[in-house]
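Novice: Dropping the structure in here first, questions after.
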Amino acid sequence: MKLDDALQIRDDVLAGRVSATEVAAAALRRIEEADGLLRAFLTVEPERVLERARDVDRQVREADGNLPLAGVPVAIKDNISTKGLRTTCGSRILGNYIPPYTATAVRLLEEAGAVVIGKTNCDEFAMGSSTENSAFQVTRNPYDLDRVAGGSSGGSAVAVAAGMATLALGSDTGGSVRQPASFCNIVGLKPTYGRVSRYGLVAFASSLDVIGALAHNPRDAALLLSVIAGEDRSDSTSSSVPVPDYLGAISKPLKGLRIGIPKEFFDPGLDAEVKAIIDEALKNVSTLGCDLTEVSLPHTPYAIADYYIIAPAEASSNLARYDGVRYGYRCARPGDLMEMYVRSRARGFGAEVKRRIMIGTFALSSGYYEAYYGRAMKVRTLVRGDYERAFEGVDLLIAPVAPTPPFRIGEKVNDPVAMYLSDIYTVTANLAGIPAISVPCGFSASGLPIGLQILGRHFEEDTVLRAADQYFRAFPVAPRALRV
């Protein structure tokens, strides 16, 4: 059974052509077959999955409620809380943590009939671009097992790409949904900040974090977003802006749409092969009746430095709660309270998390706050202003997702600057809070996936999804065989 079309699975389950239990069993078989090599999942409880699927079948038989995701297997990134199901954030400090509550996004999925198939691997506390920073395992790219899956939502991306789940939730703080989607030849949507409730998403950088959707195609991403979007009283940063009919709007023609090409995203750091594929994609977009024009986002060169002040500063504050007292890892037999704090955090956190905590603590420290964090927030305002001015003349922007194809495991993990630069084309959307999507647009000569990024105005995910879907359908990427 193929698990690559959520709408089809939903329709088949509701029509009785297949049961949710049969779909869940197929997903579990595929996990057993492939995940030993790919290492996408951290927690899968088959009996819990099948029990949930049987409950969905009961709801279908009894016509008990509206079920837009009836029987659809969904993987959940392991930094999103699931009541009674281990949630580690890829960290030893939460290695045995079982949440007493469920994230709003997960609750909405289950109310819509989805079956949570398992929790997926991620860079520790979502801090990374390769899923190599997990405390437990390295997730491998299904197109080349020696390459990274991207990060930090690499496990979710691989679960979808390899057919172990139909949909997945990830989180995107600086590109962590879009970049692994690009690296794994699937669709990855980062909504507008505030469009999806963050309640139950374990905080990394609270002003940047967004729960996003991973799927095989833009229509399934639209379906997933339509279920999880909306205001939530449990999250004061969620927005009351009305949620449009994403699936209904997706087929509107693109003719006359104005597309901007940000020149700063085509700098000398862009790999020549990636540039050639993106240039071809731009030519394809022009044949859909869109008007293409070059635009400028002049503060883009400062975005990485800006992001790596703001995000670590917020992480330093958010991760202060992991002290060995209330929950999480506590060292054995500490001599006193201070020793317990020091040893618990030193052993519980990995190298990248410690690095970012130290950067953030310094940026917030007395005498340095205004020089670093204060100035970074001013630059963030300038970045947002760049987008606002650009969107006065265009409806969407199109750009690369990542400067390179998927890189080799171990290639950048010991070079933080090189790793951080993997996010150079994605972080600005988080700084500005706008929606963006990665859609497959080709393969390198060595068979590695490359994605196209489409960015839109605040709360205009419908336009972003419409452009992505029509590009995806008009210029399908020829399938390549997975390695597993």
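Novice: Which whole number in µm²/s is D for the chain by Stokes-Einstein, with the Kirkwood Rh taken over Cα pairs at 25 °C and 0.890 mPa s?
Specialist: Using the Kirkwood radius from Cα pairs, D works out to 110 µm²/s.
Novice: To the nearest 500 deg cm²/dmol, what mean residue ellipticity at 222 nm is calculated for the chain from DSSP H runs of n ≥ 4 alone, each contributing -39,500 (n - 2.57), summed and divided by the residues?
Specialist: -11500 deg cm²/dmol
Novice: Order these by the 10 Å Cβ neighbour count, fewest first: 83, 255, 77, 119.
Specialist: The most exposed by this proxy come first: 255, 83, 119, 77.
Novice: Mind listing the phi-derived Karplus ³J(HN,Hα) values for the stretch 305-316, rounded to whole Hz, using 6.51, -1.76 and 1.60 with θ = phi - 60°, and x for any glycine or proline?
Specialist: Once θ is set to phi - 60°, the couplings for the stretch 305-316 become 4, 5, 4, 7, 9, 5, 4, x, 4, 5, 5, 4 Hz.
Novice: If you don't mind, there's one more thing I want to ask. Could you state, as a whole-number percent, how many of the C-alpha pairs of the stretch 323-438 are farther apart than 17 Å?
Specialist: For the stretch 323-438, the fraction of Cα-Cα distances above 17 Å is 72 percent.
Novice: Going by C-beta contacts inside 10 Å, put 122, 290 in order with the fewest on the left.
Specialist: Starting with the residue having the fewest Cβ neighbours, the order is 290, 122.
Novice: To continue, here is another question. Select from 114, 361, 391 the residue farthest towards the positive end of the dipole of the chain; place +1 on Cβ of Lys and Arg, -1 on Cβ of Asp and Glu, and compute about the Cα centre.
Specialist: Value: 361.
Novice: Dipole magnitude of the chain about its Cα centre, charges +1 at Lys/Arg Cβ and -1 at Asp/Glu Cβ only, in debye to the nearest 20?
Specialist: Rounded to the nearest 20 debye, it is 800 debye.
Novice: Ignoring the sites themselves, what is the longest stretch of the chain with no GluC sites (Glu not before Pro) in a DSSP loop and at most 10 other beta-carbon atoms within 10 Å?
Specialist: 63-391
Novice: Using square roots of five times the C-alpha gyration tensor eigenvalues, list the equivalent-ellipsoid semi-axes of the stretch 140-185 in whole Å, biggest first.
Specialist: Over the Cα atoms of the stretch 140-185, the ellipsoid semi-axes are 15, 13, 7 Å.
Novice: In addition: Counting only Cα atoms, I'd like the Rg/Rh figure for the stretch 414-484, Kirkwood definition for Rh.
Specialist: 1.05
Novice: Moving on to the next point. Could you run the Karplus curve 6.51 cos²θ - 1.76 cosθ + 1.60 with θ = phi - 60° over the stretch 196-204 and give me ³J(HN,Hα) per residue in whole Hz, x for Gly and Pro?
Specialist: For the stretch 196-204, the Karplus-derived couplings read 10, 4, 8, 4, x, 7, 5, 5, 10 Hz, x marking Gly and Pro.
Novice: Continuing with this model, one more query. How big is the equivalent ellipsoid of the stretch 286-389 along its three axes, where each semi-axis is √(5λ) from the Cα gyration tensor, reported in whole Å from largest to smallest?
Specialist: The answer is 41, 17, 9 Å, longest axis first.
Novice: Within the chain, what is the number of lysine pairs with alpha carbons under 15 Å apart, leaving out pairs fewer than eight places apart on the same chain?
Specialist: The result is 6.
Novice: Kirkwood Rh over Cα pairs of the stretch 140-254 into Stokes-Einstein at 25 °C, 0.890 mPa s: D in µm²/s?
Specialist: Answer from the Stokes-Einstein relation: 169 µm²/s.
Rule-based calculations on the coordinates, nothing more; no lab input. Predicted model, so just to flag it, every value in this text is computed and none were measured. Cβ coordinates were reconstructed from backbone atoms using ideal geometry, including for glycine residues, and neighbour counts include every protein chain displayed.
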